[in-house]
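See structure below.
Only the coordinates and a few stated rules stand behind these numbers; no lab work does. Keep in mind that what you see is a predicted model, and the values were worked out from it rather than measured. Note: ideal-geometry Cβ built from the backbone for every residue, glycine included; neighbour counts use all protein chains shown.
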């Protein structure tokens, strides 16, 4: 997966964003469940630094995450 593909989830809807409390010891982290332009369902972990989104990791959603995303 390219960085550009991971970034697409931030511009498509629906988008679920939540705090990643488990991984926020040194800096505040978040995760997002969203879709790419080609409808690929992704989980993306990220942080915000100097008003920029920094993607930490991205992967395909798990079955459980997909259920949450689809409501």
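Between residue 16 and residue 60, what FRET efficiency follows from the Cβ-Cβ distance if R0 is 22 Å, with the result rounded to 0.05?
Efficiency, rounded to the nearest 0.05: 0.90.
Any idea what the relative contact order of segment 3-70 is, in percent, if you count C-alpha pairs under 8 Å spaced at least 6 apart?
26
If packing is taken as the average count of other Cβ atoms within 10 Å, what order do 38-47, 5-14, 55-64 fall into, highest mean first?
Per-residue Cβ counts within 10 Å, averaged per peptide and sorted highest first, yield 38-47, 5-14, 55-64.
With a cut-off of 15 Å, note down the residues of segment 43-57 whose backbone N falls inside the zone around a label point 7 Å from the Cα of residue 27 toward its beta carbon.
The answer is 45-57.
Once label points are set 7 Å from the Cα along Cα→Cβ at both residue 1 and residue 52, what is their separation, rounded to one decimal in nm?
Output for this residue pair reads 2.1 nm.
Out of (1) 5.4; (2) 6.2; (3) 4.8, which label holds the value of mean projected area of the Cα convex hull in nm² that was computed here?
(3)
Sum -39500 (n - 2.57) across every DSSP H segment of at least 4 residues in the chain, then divide by the residue count to get the 222 nm mean residue ellipticity, nearest 500.
-5000 deg cm²/dmol
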